[in-house]
Amino acid sequence: MEDYSASPALRAAAYWFIDGLPEIVAGLVITLSGGIGLVLWAAGLSSVFAFLPLAVLWKDRDIVDFLKARLTYPRTGYVRPPINSDDVTSQTLTTLMPPRRSASDKNVTHFRNNTLVPLILGAVYTTFSERAWFWLVGVWVAVGAMYLLNRRLERPYRWWELFTLALAGSALIAMNVPLACRPFPGLVVAGAWLLALGGGKLALYLRTHPRASQEGDPA
Amino acid sequence: MNGQAQQIANLDRIVHEPARLSILTILDAVGEADFLYLQREGGFTQGNLSSHLAKLEEAGYVEIKKTFKGKLPLTLCSLTTRGERALRDYSRRMLSILQKRPVR
């Protein structure tokens, strides 16, 4: 919320990420998915069910909103949560009406498309080949895409945040993970990375915004 | 009075005030926000925001409703259709005035 040159809509969308809760929820789900996959693979069972928890990511907004009603809204106020960018696309397609505003002037979040999808695809991509360079390319392409896609949007990443993710992803090569098990350590790393980002933001947010004694009401 | 002076005199005074214009612009962009968010976002004091919101509500530009999010009481503010129309009309008039300004 420091960028006062941004449009009110972009600032409202950025406000959704002020407390790190969207990252924490998504991080938990992705870590859980990767963890289940590892357990199922170790037990010799079909690990296809490990991807089921990822379905929660299509309903994460309700969970995040529930948590925000207890943590964020009493501290810094409520603004209508941003809609997902893919919902805007589907609205445009179904109604055949172009959006009324430009992309930077909408209360929209691209988190699912520009962060979660590259993270999950980056992890799945590693199952396509045994070669180390193939893995490396996948990790750095996913990270580069995340940087470029988000840099002017509501949730831009600092270079070192993504560099950490790329290093962690690259380090997995040294573990010599079997091909069949490959997406799961990647998912665990991606989820842990999101959790760490979100956790850090939440700690900072709670420290800088102590809870007000009562609502700053009376209009 | 010349045409441009007439146009300026006809601007909606409710919208023309900077604090109220700021509130309307924020609400137009975000759809719905509570008192605390508007206060932080616009840099208003509690009393200042209250009085401007009261004027906007009186003019029928803003709807204010008390509601609950879980157990949290919220004072939610949103633009009415009339408020949206007033803001569009104001920006159209302002643009037309400023576009006629001599270029230096």
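The values are calculated or read from the model by the stated rules, or taken from the named source; none is laboratory data. Source: prediction; values computed, not measured. Glycine also receives a Cβ, built like all others from the backbone with ideal geometry; neighbour counts cover every protein chain displayed.
Things to note:
- Matching entry among B:Leu95, B:Leu72 (being modelled with pLDDT under 95 and over 22 Å from A:Arg80 (Cα atoms)): B:Leu95
- Set A:Leu149, A:Leu204: member being of a type in the set (A, V, I, L, M, F, W, C) and modelled with pLDDT of 95 or more: A:Leu204
- Helices (runs of 4 or more DSSP H) contained in the stretch B:1-94 and holding at least 1 residues crowded, with 18+ Cβ neighbours inside 10 Å: B:13-16, B:18-30, B:35-42, B:46-58
- Number of positions in the stretch A:1-60 that are over 16 Å from A:Asn150 (Cβ atoms), away from every other protein chain (no Cβ under 14 Å) and of a type in the set (D, E, K, R): 2
- Hits in the stretch A:29-52 (condition: of a type in the set (S, T, N, Q) and closer than 18 Å to A:Ala190 by Cβ): A:Thr31, A:Ser33, A:Ser47
- Filtered residue count, the stretch A:178-216, keeping only those that are loosely packed, with under 14 Cβ neighbours inside 10 Å, touching a residue at least 12 places away in the same chain (Cβ under 8 Å) and not in a helix (DSSP H, G or I): 3
- Qualifying positions in the stretch A:153-177 - part of a loop (DSSP other than H, G, I, E, B) and under 16 Å from the mean Cα position of the chain (by Cα): A:Leu153, A:Glu154, A:Arg155, A:Pro156, A:Tyr157, A:Arg158
- The set of residues in the stretch A:52-71 being surrounded by fewer than 17 Cβ atoms within 10 Å (Cβ to Cβ), in a helix (DSSP H, G or I) and not aliphatic (A, V, I, L, M) consists of A:Trp58, A:Asp62, A:Phe66, A:Arg70.
- Here A:Pro74 qualifies as part of a helix (DSSP H, G or I), more than 15 Å from the chain's Cα centre (by Cα) and modelled with pLDDT of 85 or more.
- Residue within the stretch B:77-88 that is more than 10 Å from chain A (Cβ to nearest Cβ), touching a strand residue (DSSP E or B) at 6+ places or on another chain (Cβ under 6 Å) and farther than 30 Å from A:Leu71 by Cα present: yes
- The residues in the stretch B:24-66 that are within 8 Å of chain A (Cβ to nearest Cβ) and more than 12 Å from B:Cys77 (Cα to Cα) can be counted, and the count is 5.
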